[in-house]
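The values are calculated or read from the model by the stated rules, or taken from the named source; none is laboratory data. If you're wondering where the values come from, they're calculated on a predicted model, not measured in any experiment. FYI the Cβ positions are ideal-geometry reconstructions off the backbone, even for glycines, and counts take in every protein chain you see.
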Number of protein chains: 2
Amino acid sequence: MKTKILIVEDEPAMVAGLRDNFEYEGYDVISAEDGVSGLDKAMSDNPDLVVLDVMMPRMSGLDVCKQLKAKRPSVPIIMLTARGQEIDKVVGLELGADDYVTKPFSIRELMARVKAVLRRASSPAPVPEVYKFSDVEVNIRSNEVRRNGDLVDLSAKEFALLAYFIAHPVETLSRDRLLDAVWGYENYPTTRTVDTHIVHLRQKLEPNPEEPRFILTVHGSGYKFVG
Amino acid sequence: MKTKILIVEDEPAMVAGLRDNFEYEGYDVISAEDGVSGLDKAMSDNPDLVVLDVMMPRMSGLDVCKQLKAKRPSVPIIMLTARGQEIDKVVGLELGADDYVTKPFSIRELMARVKAVLRRASSPAPVPEVYKFSDVEVNIRSNEVRRNGDLVDLSAKEFALLAYFIAHPVETLSRDRLLDAVWGYENYPTTRTVDTHIVHLRQKLEPNPEEPRFILTVHGSGYKFVG
DNA sequence: CACAACTCTTAACAAATTTTTACCTAGCCT
DNA sequence: AGGCTAGGTAAAAATTTGTTAAGAGTTGTG
């Protein structure tokens with residue numbers, strides 16, 4: 001699932017530049033040209049993060065920020081401000097913006113801040129730190145998997161796949177859904193790729209890979225994890 | 001017993017804002033308007049945590065932090081700094097602050113950090129003054145690293161990187177996260193820059209740099225320190 | 001002010017590892 | 001039995017990391 005960024009900015013050239021860069025980094029981008037429609041889109045299109053210019057027609061970015069935070073407190077906001085603008089007071093506490101960048105800024109800096117804010121926003125791990133089944137122990141934080149205490153070497157994709165299974169136990173997960181969740185939309189390999197990774201996981205984690213007890217096949221539908 | 005927060009900050013509006021938010025979250029709040037009285041109250045009123053502005057009349061927050069840590073090492077401190085202020089990105093290492101937030105900040109971020117620090121403080125996992133692994137001895141305060149007693153010459157970035165690893169053992173740290181923490185946002189180099197520094201650290205600290213035992217790579221994810 | 005020493009960053013190429021595809025076999029379902 | 005679907009393996013393709021070196025920028029010194 002791609003991360004969706006809303007850019008609220010009245011200068012078309014700036015929007016275009018930002019759009020290019022964000023899309024290049026693999027984000028979905030939507031945009032609005034003034035405060036009012038920006039607020040609308042923020043409410044209706046559920047962006048994962050909003051980049052908000054302070055100076056805009058119709059409604060100032062500051063007001064947009066305030067109103068948006070009141071209605072959708074969990075959506076992170078990064079403000080674009082001109083140098084010397086009264087950032088200090090307004091941006092921080094009262095408005096609830098998560099970060100800001102002063103114009104002119106480097107794309108890299110903005111990108112870094114976006115990534116950091118997103119990381120912070122999503123950091124509280126929904127799954128318990130350490131998950132156990134059978135003789136296997138999965139530590140999400142350290143990317144470690146142990147079997148009888150011995151480290152098992154999983155690749156990044158294998159680990160991500162396993163983590164997704166753990167987060168969605170019992171449910172039957174289609175290959176397409178796994179591709180969406182673990183691989184993302186950008187590079188969409190064959191559904192058979194999923195199978196290969198399943199095989200690897202079984203070989204590394206199942207007591208008897210030929211007769212899986214944890215990662216089960218649901219013929220014609222997909223796979224299912226039972227921990 | 002409510003958790004007691006001491007806010008040391010000279011700007012009344014900021015104090016008021018913080019007070020509201022902390023009280024709303026169920027904390028007891030006391031405050032001081034300058035460094036000297038802040039230090040006094042920290043000593044006399046036994047707060048569970050101190051939020052400390054760097055820029056203040058009479059005594060800088062940095063000095064307050066240093067003195068307070070010398071006298072009450074166990075009281076957690078979170079610093080409020082302005083952007084660009086010369087704060088060692090690695091969480092006020094020299095001063096012993098537990099975390100810091102750059103102004104302007106979102107109240108959510110500060111609150112998250114307060115909670116995190118309190119959680120850490122209650123569970124015994126302090127980073128000791130001198131950290132040892134293998135034949136290596138790292139002195140956080142004096143920025144010194146010794147190997148078998150011999151001084152190892154680390155550059156500033158190398159040391160900061162190492163310190164961050166030590167502060168986050170076992171956890172897998174992505175290159176982006178390391179860049180945020182050690183480099184900061186303003187000048188954001190390539191992720192490959194991280195790799196180069198890792199190489200240097202390994203060459204200087206690992207018994208056998210080709211087969212790292214302490215700074216491990218997690219292919220596809222980042223690096224991980226196991227001390 | 002020039003020079004040397006040093007640090008940080010980037011680039012380039014090689015090496016290692018992972019990911020994907022391809023293909024063949026075995027199993028499931030009607 | 002026949003047509004799909006999944007398991008298993010290997011090899012190709014792609015990505016990621018290690019390593020080295022060179023250039024830019026800094027600092028310290030004569």
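The condition of being surrounded by fewer than 20 Cβ atoms within 10 Å (Cβ to Cβ), of a type in the set (A, V, I, L, M, F, W, C), under 21 Å from A:GLU144 (Cβ atoms) and out of contact with any Asp or Glu (no Cβ under 8 Å at 6 or more places or on another chain) holds for only one of B:VAL152, B:VAL199, B:VAL218, that being B:VAL218.
Here B:VAL145 fulfils each of the conditions (1) within 14 Å of chain A (Cβ to nearest Cβ); (2) within 13 Å of DNA strand C (Cβ to nearest atom); (3) touching a residue at least 60 places away in the same chain (Cβ under 8 Å) apart from (1). Beta carbons closer than 6 Å, at least 6 apart along the sequence or on distinct chains, pair a first residue in the stretch A:9-24 that is closer than 16 Å to A:ARG108 by Cβ with a second that is modelled with pLDDT under 90 for A:ASN21/A:ILE107.
So which residues in the stretch B:193-227 are among the charged types (D, E, K, R), within 7 Å of DNA strand D (Cβ to nearest atom) and touching a helix residue (DSSP H, G or I) at 6+ places or on another chain (Cβ under 8 Å), if there are any at all?
Let us first name the residues in the stretch B:193-227 that are among the charged types (D, E, K, R), namely B:195, B:202, B:204, B:206, B:210-211, B:213, B:224.
Checking the rest, the ones that are also within 7 Å of DNA strand D (Cβ to nearest atom) come to B:195, B:202, B:210.
Selection gives B:ASP195 alone.
Working only within the stretch A:71-86, note down all residues that are within 13 Å of another protein chain (Cβ to nearest Cβ) and over 17 Å from A:ARG120 (Cα atoms).
Residues of the stretch A:71-86 that are within 13 Å of another protein chain (Cβ to nearest Cβ), as a first pass: A:72-79, A:81, A:83, A:85-86.
Correct list: A:THR81, A:ARG83, A:GLN85, A:GLU86.
Where the second residue is more than 7 Å from DNA strand D (Cβ to nearest atom) and in a loop (DSSP other than H, G, I, E, B) and the first is in contact (Cβ under 8 Å) with a residue 40 or more places away in the chain and basic (Lys, Arg) and lies in the stretch A:208-220, which pairs have Cβ atoms under 8 Å and are six or more apart or on separate chains? Taking only residues 6 or more apart or on different chains, the pairs are A:ARG213/A:SER134; A:ARG213/A:GLU206; A:ARG213/A:PRO207; A:ARG213/A:VAL226. Taking the stretch B:158-178 as the range and being in contact with a helix residue (DSSP H, G or I) (Cβ under 6 Å, 6 or more places away or on another chain) and farther than 20 Å from B:ARG213 by Cα as the test, only B:ASP176 passes. Looking at the structure I just gave you, is A:ARG120 in a loop (DSSP other than H, G, I, E, B) and more than 16 Å from DNA strand C (Cβ to nearest atom)? Taking the combined requirement at face value, the residue does not satisfy it. When the stretch B:173-192 is limited to residues that are surrounded by fewer than 16 Cβ atoms within 10 Å (Cβ to Cβ) and within 12 Å of chain A (Cβ to nearest Cβ), the one that is farthest from DNA strand D (Cβ to nearest atom) turns out to be B:GLU186. If the condition is being away from chain A (no Cβ under 14 Å), within 13 Å of DNA strand C (Cβ to nearest atom) and of a type outside the set (Ser, Thr, Tyr), then the stretch B:193-227 contributes B:ASP195, B:HIS197, B:ILE198, B:VAL199, B:HIS200, B:LEU201, B:GLN203, B:LYS204, B:GLU210, B:GLU211, B:PRO212. Selection over the stretch A:56-82 of residues that are part of a helix (DSSP H, G or I) and not aliphatic (A, V, I, L, M) gives a count of 7. If you go through the stretch A:177-207 and pick out every residue that is farther than 15 Å from A:PHE133 by Cα and either of a type in the set (A, V, I, L, M, F, W, C) or touching a residue at least 40 places away in the same chain (Cβ under 8 Å) (or both), you end up with 15.
Checking each residue in the stretch A:99-116 for being surrounded by fewer than 20 Cβ atoms within 10 Å (Cβ to Cβ), more than 9 Å from every other protein chain (Cβ to nearest Cβ) and at pLDDT 80 or above picks out A:PHE105, A:ILE107.
Across the stretch A:6-54, the qualifying residues are those that are assigned to a helix (DSSP H, G or I) and closer than 15 Å to A:LYS115 by Cα, and the one among them that is modelled with the lowest pLDDT is A:TYR24. Every condition in (1) away from DNA strand C (no atom under 11 Å from the Cβ); (2) within 12 Å of chain A (Cβ to nearest Cβ); (3) more than 20 Å from the chain's Cα centre (by Cα) holds for B:SER134 except the one numbered (2).
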